[in-house]
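The values are calculated or read from the model by the stated rules, or taken from the named source; none is laboratory data. A quick note: this is a predicted structure, and the numbers were derived from the prediction, not measured. Ideal geometry is used to build each Cβ from the backbone, glycine not excepted, and the neighbour counts take in all protein chains shown.
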Amino acid sequence: MPPKPPTPSAADQTASLQDLITATLTQLTTYTTLLNPTSPTPDLPTTDAEPPNPLHLLRDTAKLIKAHVTKLSLLAINKPFTPSAVRKVLTELKATCIPALMSGSQICTLQQGVKWSEMMGREVQARTRRVVRELESLVRELGEINGGGGGGSSRRNGSGRGGGGGGDSLRSTGVVWESCDALIELETMGIGGLAVVKAGQYRDTIRDAIEELREWKEGEDLDSEGQDELLDEGDEGVDGDRFEDLFHAANSMPSDRPELRSLAEEADGKLKKVVLLYTAAIKRRFKTLKTLQGGEGRSEEEIKRLDQVIGVLDGIPHQVDELASCFYDLDEERVRTSLKACVDEAAQAASLMERNWEDQEDEFTTWSGKWKEAIS
């Protein structure tokens, strides 16, 4: 019988694991860069086979990643620390799970506009990138643990870099799990569920802006807000007529601006109607948007329409922020212009959603017509 190869020394095992950790970090750093929204999408290998459903691939990969990082964290805190055992699990993670994660994101991106909406593509990319970044943090912690020794007395006593690193590794596992669950959730919620989430977020942003404008209009605590510790209106170089406007505008509406107050009340009423549009869209358009077969199961025309709707709904909160800035600047003309832009964008969204996904009229069609009349 041939002689057995010599067992690698503890130092050799540590060095071998460190090389793998370095290679894995390089891989993860590269993928993080590729998953940046501004980076061009690399081409997938040419094949005659139909690419798998990326959400299914990402779901299954995320579940495997959760299992692997759990093993890694348990091995990291196990005494004595065994680099060879960690190396085996990390090798599997690097060779299979991480590339599959990247492939799933690329498939979804490359099929945007054909099988997948831009909304889903952006969300897949963002959530995949988060998984990659959290994995990078965990692998760095493994490197710190591995560099802290190969299972000496300080590790067994729970002191030194090894003992502290193990606790950090367990905490990183929870963060990786959370990011993986967010990726798995995409497959569960589907196109309609994601649209509901996005529209709800945009609606909440507008609600917050309405509340802030209302507080500003009411001018609570005028005696204490906007006071400057260095100047008062009697100081040289300070225009007394503008002093209150300068230092109170950010916190409250000046009491001597009735036209501005009237505009604020008008804006409050119209923005509340915009919020109603979001609520109706969620109920009558996005919750009824079901995933069919193959990708999102929608025609290219429907996918394009959905992306247009989400794009407009996403832009309205930014326009509302601009409106608030105009109020705080006490610029009535800009307020009128900005408020009209908010209403026009909301009306555009209503028009895009006027007919249902089967291109038929329904209750929302009638409601949206009345809504346009009410907000005009």
inquiry  = Go through segment 86-114 and report how many residues are within 16 Å of residue 55 (Cα to Cα) and among the hydrophobic types (A, V, I, L, M, F, W, C).
reply    = 9
inquiry  = Can you tell me which of (1) at pLDDT 95 or above; (2) farther than 24 Å from residue 205 by Cα is the one residue 300 doesn't meet?
reply    = (1)
note = Residue set 330, 306, 292, 352; condition farther than 23 Å from residue 211 by Cβ, surrounded by 16 or more Cβ atoms within 10 Å (Cβ to Cβ), in the same structural domain as residue 209 (by TED's automatic domain parsing) and modelled with pLDDT under 95; output residue 306
task = Report yes if some residue within segment 335-345 is in a helix (DSSP H, G or I) and of a type in the set (Ser, Thr, Tyr); otherwise report no.
result = yes
query = In segment 109-142, how many residues are among the small types (Gly, Ala, Ser) and over 19 Å from residue 181 (Cα atoms)?
reply = 2
ask   = Which pairs have Cβ atoms under 6 Å, sit 6 or more apart or on different chains, and link a residue in segment 56-69 that is of a type in the set (D, E, K, R) to one that is assigned to a helix (DSSP H, G or I)?
value = 59/184; 59/187; 66/177; 66/180
ask   = In this structure, does residue 135 turn out to be of a type in the set (A, V, I, L, M), at pLDDT below 95, closer than 23 Å to residue 15 by Cα and surrounded by 20 or more Cβ atoms within 10 Å (Cβ to Cβ)?
value = no
key: Of the criteria (1) more than 16 Å from residue 203 (Cα to Cα); (2) out of contact with any Ser or Thr (no Cβ under 9 Å at 6 or more places or on another chain), which one residue 349 fails   = (1)
inquiry  = So if I check each of 128, 109, 96, 61, which one is assigned to a helix (DSSP H, G or I), surrounded by fewer than 17 Cβ atoms within 10 Å (Cβ to Cβ) and modelled with pLDDT of 90 or more?
reply    = 96
note = Only one of (1) touching a residue at least 24 places away in the same chain (Cβ under 8 Å); (2) under 31 Å from the mean Cα position of the chain (by Cα) does not apply to residue 318, and that is (1)
